[in-house]
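Remarks on the structure that follows.
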Amino acid sequence: MPTVSVNRDALFKALGKTYSDEEFDELCFQYGLEVDDIVDEPEKGITYKIEVGANRYDLLCIEGIARSLSVYLGKESQPNYRVLPPKEPENYKLIVKPSTSQVRPYVVGAVLRNIKFTQAVYDSFIDLQDKLHQNLARKRTLVAIGTHDLDTIIGPFIYDARPPQDISFVPLNQTQAYRADKLLEMYSCDSHLKEYVPIIKDKPVYPVITDQKGVVLSLPPIINGNHSKITLNTRNVFIECTATDRYKAQIVLDTLVCMFSGYCDQPYTAESVQVEYPDGEKVQYPKLQYRQQVASVSYCNILAGVSEKAEDIAKMLTSMSLSADPDGQDKVVVKVPPTRYDVLHECDIAEDFAVAYGFDRLAADMQMPPTNTIGQEFELNYLSDKLRLLMSQNNYTEVATFSLYSKMDMGERMRVNLDNESWVKVANPKTTECEAVRISLLPGLMKTLAANKHISLPLKLFEVADVVFRDSCPTTTRGTGARNERHLCAINYNVKAGIEIVQGLLDNIMIALKVPFTPDNSAQGYYLEGKDHPSYFPGFCGNVIVNDVAVGQIGLIHPEVITNFNLNNPAAAFEINIEKVLEITNFGH
């Protein structure tokens, strides 16, 4: 959850009252916030570090916290946010070029007119942008904010995407111009900006916003131009947000405008900017829309465990910055402001009602449920833990390998033709090591052996974990298109393969599972059936049969597999589906 640093004296001045640390901590608790830490900074004074909900974007700055607490305390009413027509309609436009669809297709904008900056307001303005970048904008991958001194640029503004060698400008806080590709090379080593460079570095074109005269305003999502830099003397602010998600851009813009429009000569107002897309679509921003949502009184009372009337619920919701009026005896009509994009459902309204009512006042009496049940461990997990204990008692070391493999590790190196397997492919993998979900535990054990060749032999390893297969059956996959299977795999790596050692281990496991060995291949019990497998040496491998059902393989690892993993000694292994074993043996019943 985000933590917002707030100067104590500035916050108390905004609230119109001084609190002790204990009193303010209690106030935050009543509102659903938490004072995480109190820091005495020599230059800034006492700072409260307040932890807020990740979905409360309106509380990511001192302006939002002070305004919300003031409304909660009844010191002021919820502001009325308004969009004004642009002072210069022809100039306040963002014209989007078709090439932007290759990189960041959406943009929104707004103008804050006659705003008054102090150093504290300026710092909070920058800090909120950073908080939104890290939180809602997912480190600028979804949305990137640019703010500019409107008096230094001339509209209409052009949002284009060009080859990096065609973009050159003086970046923020620099004195010389850089070409875009050279600029990204420079910022690849910058502690603050290097994490954003990969977002566009490999793109054929880079997004860029210019004014009518070609002055570069910003190279989103990396950095703004120095020409339109905001200072304490800035009076008119042009805000643009480029995005890969249009709705997220709208939320970011509305939040930024709502928080700082209070410093304008006409408080809580912003002038609109028209965005013109290549297909002819024209959209006005910011939206600053108020939405009506109806909440049931009985629903709110049931969720909170109280019995309040519609009038009282409406009053409490209003104190939470959700203007509300009763509609009869069982309904409350809520006017959701543009600062509360977190209100998506009736349950969100019920949650705010519960906060306003006071969690410490909610009924403490508990009632026993109408049914009496006793919980127990899931049988498959219980069996898995028992097998882990048994394997360790047999002097085998447990490993935990990754669930994602490369196709080469899972197929070619194991001599397995993946075309014949129902394996799950990973879309857009970050690396070749994460191309597929494993269908066997054996490749992971082989890679573990390869990474531990320096350890003295023998190496006895095992793993109990899930593998995944594609499956179209809705019963087994629950609509996911894939199913999990719990497997047990063990391997003995030594100067001699010792297939009899792993077979003895398998016998020990079957004894623990109360499955008798049946040399006559009878239906009840377990036996080995000779059958070749690509990963095992021909004639030295077979299927493990339990109650006439094949549950796995055992054998001597094929020499090609050994060399494919850069190993020098032979190995013997088995892998069984313990989920299937549990099903057909009814272990524990």
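A simple rule links phi to the HN-Hα coupling: the Karplus curve 6.51 cos²θ - 1.76 cosθ + 1.60 with θ = phi - 60°, which for the stretch 427-443 gives 6, 6, x, 5, 9, 5, 6, 10, 8, 8, 8, 5, 10, 8, 8, 4, x Hz, with x for Gly and Pro.
Model label points for ILE38 and LYS425, set 7 angstrom from Cα along the Cα-to-Cβ axis, are 6.0 nm apart.
Shape class of the stretch 23-103 from the alpha-carbon gyration tensor: prolate, with a/c at 1.5 or above and a/b greater than b/c. Projecting the Cα atoms of PHE462, ASN452, ASN492 onto the charge dipole of the stretch 370-492, computed from C-beta unit charges around the Cα centre, puts ASN452 farthest toward the positive end. In the context of the full protein assembly, GLU379 retains an accessible surface of approximately 70 Å², using a probe radius of 1.4 Å and ignoring ligands and nucleic acids. Choose one of ILE222, PRO286, ILE251: the residue whose Cα lies farthest towards the positive end of the charge dipole of the chain (beta-carbon charges +1 Lys, Arg; -1 Asp, Glu; about the Cα centre). Farthest along the dipole direction, towards plus: ILE222. Using bins of 5 Å that start at zero, the share of Cα-Cα pairs per bin across the stretch 513-589 amounts to 3, 16, 22, 20, 15, 11, 7, 5, 1, in whole %.
Computed from Cα atoms, the angle from the helix 21-31 axis to the main principal axis of the chain rounds to 80 degrees.
Suppose every K and R has +1 on its Cβ and every D and E has -1 on its Cβ; what is the size of the dipole of the stretch 12-170 about the Cα centre, in Debye to the nearest 20? Show your work: numbers first, answer last.
Values: 19 positive and 24 negative charges, 216 e Å.
The dipole of the stretch 12-170 has a size of about 1040 debye.
Residues in the stretch 324-330 carry Karplus couplings, in order, of 9, 9, x, 10, x, 8, 10 Hz; the curve used is 6.51 cos²θ - 1.76 cosθ + 1.60 with θ = phi - 60°, and Gly or Pro positions show x.
Rounded to the nearest whole Hz, the Karplus-based 3J(HN,Hα) values (6.51 cos²θ - 1.76 cosθ + 1.60, θ = phi - 60°) of the stretch 101-106 follow the sequence 5, 7, 9, 9, x, 10, with x at glycine and proline.
Rounded to two decimal places and with Rh computed the Kirkwood way over Cα pairs, what is Rg over Rh for the stretch 56-150?
On the way: Rg = 16.3 Å, Rh = 16.2 Å.
Across the stretch 56-150, the Cα-based Rg/Rh ratio is 1.01.
Per residue, the solvent-accessible area of the stretch 119-161 (1.4 Å probe, heavy atoms of protein chains only, all protein chains present) comes to 34 Å².
Distances between placed amide hydrogens fall under 5 Å for LYS331 paired with VAL297, all partners being 5 or more residues away or on another chain. The listed residues TYR106, TYR72, once ranked by accessible area (1.4 Å probe) with the largest placed first, stand as TYR106, TYR72. Out of every Cα-Cα pair in the stretch 492-534, what percent are more than 12 Å apart? The calculated P(r) of the stretch 492-534 puts 68 percent of pairs beyond 12 Å. Ratio of Rg to Rh for the stretch 14-172: 1.03 [Cα atoms; Kirkwood radius as inverse mean 1/r over pairs]. Loop by DSSP (not H, G, I, E, B), at most 11 other beta-carbon atoms within 10 Å: where is the longest site-free stretch of the chain for trypsin sites (Lys or Arg not before Pro)? Segment 214-429 is the longest.
Of the accessible area of the stretch 188-311, computed with a 1.4 Å probe over protein heavy atoms only, carbon and sulfur atoms account for 48 percent. Per the Cα gyration tensor, the stretch 265-355 maps to an equivalent ellipsoid with semi-axes of 33, 14, 10 Å, ordered largest to smallest.
For the chain, the pair-distance distribution built from all alpha carbon pairs, in bins 20 Å wide starting at 0, is 16, 32, 31, 19, 1 percent.
The values are calculated or read from the model by the stated rules, or taken from the named source; none is laboratory data. All values derive from a computational prediction rather than experimental measurement. Note that each Cβ is placed from the backbone with ideal geometry, even for glycine, and that neighbours are counted across all protein chains shown. The protein model used for the area step is the full one, side chains on, heavy atoms only, and it has no ligands, DNA or RNA in it. Shrake-Rupley method; radii C 1.70, N 1.55, O 1.52, S 1.80 Å.
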